[in-house]
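For reference, the structure discussed in these notes is given below.
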Amino acid sequence: MSKLSSLPPAILRWQQLVLCSYYGLILYFAVNSVLAVGSGIAAPLAVWLIQIAPLLLFAPGLHRRHLRTYAWLCFVVLLYFIHGVLLVFDPGRIWLGLTEVVLCVALFAFLFVFIRQYRAHFQVPL
């Protein structure tokens, strides 16, 4: 059995947390785009696709456990964090901003811990 197909349970849990927070962020943007844009389906869908397009680029690498994909997603999620912080300063959307900030911090932390534990267990470079 190859090391990519079998992970120790602790590392597998971290990967599951990464994937849950990753897809949670995508779902958050779906809700956010519907609330921000309003009626119709075309406009919120277009806004949502524009917001999540950078995130979708990482999906294949996350599921294949490519460490470089996890590392690059750490950088990209910081841009979404900045967006969330900017939303916090809008009085009408403070809760949306706080939700985005929490999701981004969680995703970043889970990515970081997964990368460290994976590298320590399998002794591979990034």
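The values are calculated or read from the model by the stated rules, or taken from the named source; none is laboratory data. Bear in mind the structure is a predicted one, so any value in this text is a computation, not a measurement. Cβ: placed from backbone, ideal geometry, glycine included. Neighbour counts: every protein chain shown.
Odds and ends about this structure:
- Residue that is modelled with the lowest pLDDT [pool: residues in segment 84-101 that are exposed (fewer than 15 other Cβ atoms within 10 Å of the Cβ) and either acidic (Asp, Glu) or assigned to a helix (DSSP H, G or I) (or both)]: Gly92
- Considering only residues in segment 63-108 that are farther than 23 Å from Ser6 by Cα and small (Gly, Ala, Ser), the one that is farthest from the chain's Cα centre (by Cα) turns out to be Gly92.
- Test result for Trp72, touching a residue at least 12 places away in the same chain (Cβ under 8 Å) and of a type in the set (Phe, Trp, Tyr): yes
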